[in-house]
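The values are calculated or read from the model by the stated rules, or taken from the named source; none is laboratory data. Model, not experiment: these values are computed from the prediction. Cβ coordinates were reconstructed from backbone atoms using ideal geometry, including for glycine residues, and neighbour counts include every protein chain displayed.
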Amino acid sequence: MENDFTTEFVTIIENDAWMLSILETVKSLNLSDCWIGAGFVRNKIWDYKHQRTRTSLNDIDVIFFDKNDSSKEYELTLEKKLHTIIPTVNWSVKNQVRMSVRNGHSQYENCCDAISYWPETATAIAVKLNSNNQIEFIAPYGLSDLFNLIVKPTPNFDLTTYRERVTNKGWKNTWEKLFIEE
């Protein structure tokens, strides 16, 4: 079943010119282990499953893994560079090496390990364009919850914070078919 979701997932993104332009822009940075995740991916699939046009995003979460420069300043420089290329987007760039320290976790091994600590299984998915301009993705918990509209916490995330986040996001107001695990 997961293979069916993989094909559908990649096809949905390949057919979205705006998403491809964002992925191409991020690819141009040539960052190590670099992906776009969270709402960029999650909202697209939820919109697709609800037969909606694009729901607006607060930001686009770009993650990468680079032990050579884990400074906040480097992230801000990358955000400014992206903003110069596409100024209409609110970019959020985070080196997952720095984020493990900020979050009080042991050092992440890579971006896939890092997103396994994100709040919901449907959020813990990221995409990129590889060197052949093909869509690749990482999804430590698979694509099933995303496509089945199930919102549930990842095993690594604090349940109290998860519940507060789900309440504050108000996702059911936008995507009424969601099943949210308490």
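Number of residues in region 29-69 that are closer than 21 Å to K80 by Cα, outside any loop (DSSP other than H, G, I, E, B) and hydrophobic (A, V, I, L, M, F, W, C): the value is 7. Pull out all pairs, ordered by first then second residue, where Cβ-Cβ is under 7 Å, the residues are six or more apart or on different chains, the first lies in region 160-179 and is within 15 Å of T123 (Cβ to Cβ), and the second is polar (S, T, N, Q). Close Cβ pairs (under 7 Å, with a partner that is polar (S, T, N, Q)) amount to T174/T55. So for region 45-56 (the condition being modelled with pLDDT of 95 or more and among the small types (G, A, S)), does at least one residue qualify? So far as region 45-56 goes, no, none of its residues is modelled with pLDDT of 95 or more and among the small types (G, A, S). Of all residues in region 13-32, those being in contact (Cβ under 8 Å) with a residue 12 or more places away in the chain and either of a type outside the set (D, E, K, R) or surrounded by 18 or more Cβ atoms within 10 Å (Cβ to Cβ) (or both) number 13. Return yes or no: is V10 β-branched (V, I, T) and surrounded by 20 or more Cβ atoms within 10 Å (Cβ to Cβ)? So V10 does not fit the description; no. Out of the residues in region 70-81 that are assigned to a helix (DSSP H, G or I) and more than 19 Å from the chain's Cα centre (by Cα), which is surrounded by the most Cβ atoms within 10 Å (Cβ to Cβ)? Taking the candidates together, the pick is Y74. Checking every residue in region 84-98 against the condition of being of a type outside the set (S, T, N, Q), within 24 Å of I150 (Cα to Cα), at pLDDT 95 or above and surrounded by 20 or more Cβ atoms within 10 Å (Cβ to Cβ) gives zero matches.
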